[in-house]
Amino acid sequence: MEGSHFAIKNWSEDDKPREKLMLKGKDALSDAELMAILIGSGSRNESAVALSQRILANAGNLNSLGKVSISQLMQFKGIGEAKAITIIAALELGRRRRAEDTVELSKIISSKNAFEIMQPIIGELSHEEFWVLFLNNSNKVISKSQLSKGGIAGTVVDIRLVFKLALENGATGLILCHNHPSGNLKPSDADKQITKKIKTAGEILDVKILDHLIITETKYYSFVDEGIF
């Protein structure tokens, strides 16, 4: 008797990803095969796996795919509204899972630690958001809060709100974080000015500004590491 891998009709239809997952486990599947399970079927002339490969090739990678809209996905033949929504929902679940992987009260000992907490939250957004990590005396994260949400160009930050939240949380240290959707890591004059204002206010209230991170999809800029503080 031949091997079990011939039992599913010789693994037609691009190795039948559902059956492959059941018999070989999730790690055996490519990104395209996993997406094919989500969408179920392709078009008359294209299998679900081939369609998924084409979508991924067009996006470049999963991070970029996570930014596309329903209407953009529906431009691919074989992807209707329901399938587009399923893909977007699955990618969003993945993003949230990564965000949850950064455990609260984790100790910040480097700029990289702060980046790892915030990248899943703001690193892949198409608009700019400004967040603050609130830390205790041991440099452990007490909480994190979104302070503002803006367009592609930037956000406006209410300094009074920063310290209101800091006092409410009993924080002794803050790490400022915002993203640059453009991918440009260079701080703008506005970035430098708001950092200076918040740092000055923190000195009066005895709340230390430990760093300011500019975050993109894969990289970050630390004011402390670059010697701006």
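Computed from the coordinates by the stated procedures, all read-outs in this text should not be read as laboratory data. These numbers come from a predicted model, not from an experiment. Don't worry about glycine lacking a Cβ; one is built from the backbone with ideal geometry, like all the others, and counts go over all protein chains shown.
Against the chain, whose longest principal axis comes from its Cα atoms, helix 48-59 is set at around 30 degrees. Under 12 Å from a label point set 7 Å out along the Cα-to-Cβ vector of residue 226, the amide N atoms of the stretch 179-208 belong to 180, 184-193.
Between 180, 212, 127, the residue with the greatest mean-square fluctuation in the GNM of the chain (Cα pairs under 10 Å linked by springs) is 127. Computed about the Cα centre, the dipole magnitude for the stretch 106-184 is approximately 260 debye when only Lys and Arg (+1) and Asp and Glu (-1) carry charge, each at its Cβ. For log10 I(q)/I(0) by the Debye sum over Cα atoms at q = 0.11, 0.12, 0.15, 0.16 Å⁻¹, the value calculated from this model appears in (1) -0.71, -0.81, -1.13, -1.22; (2) -0.53, -0.63, -0.95, -1.06; (3) -0.67, -0.75, -0.96, -1.03 under label (3). Label sites at residue 139 and residue 89, each approximated as a point 7 angstrom past Cα along Cα to Cβ, lie 4.3 nm apart. Relative contact order of the chain, taken over Cα pairs closer than 8 Å and 6 or more residues apart, is 14 percent.
Mind checking which aspartates and glutamates have their Cα closer than 14 Å to the Cα of residue 20? Skip sequence neighbours fewer than 8 apart in that chain. Within the straight-line cut-off, residue 20 pairs with 31, 33. When the chain is described by a simple charge dipole with +1 on each Lys and Arg Cβ and -1 on each Asp and Glu Cβ, the residue from 71, 48, 161 located farthest towards its positive end is 161. The distance between label points at residue 196 and residue 61 comes to 3.5 nm (points 7 Å beyond Cα on the Cα→Cβ vector). This ranking places 97, 54 by how few other beta-carbon atoms lie within 10 Å of each, fewest first, which gives 97, 54. Take every pair of alpha-carbon atoms less than 8 Å apart whose residues are at least six positions apart; their mean separation over the length of the stretch 73-149 yields a relative contact order of 25 percent. Measuring nothing but how far apart in sequence close Cα pairs (under 8 Å, 6+ apart) lie, relative to its length, the stretch 4-99 scores a relative contact order of 21 percent. By other beta-carbon atoms within 10 Å, ranking 116, 33 with the fewest at the front produces 116, 33.
Legend: ranking of residues 156, 207, 224 from fewest to most surrounding C-beta atoms inside 10 Å; resulting order 156, 224, 207. Against the chain, whose longest principal axis comes from its Cα atoms, helix 189-205 is set at around 50 degrees. Structure note, pairs 186/219; 26/67; 26/112; 83/149: Cα-Cα distances above 18 angstrom occur for 26/67; 26/112; 83/149.
In the stretch 105-229, taking the dipole from charged Cβ atoms about the Cα centre, the farthest positive-side position among 207, 180, 118 is held by 207.
With the simple model of a label 7 Å out from the Cα in the direction of the Cβ, residue 71 to residue 34 spans 2.9 nm.
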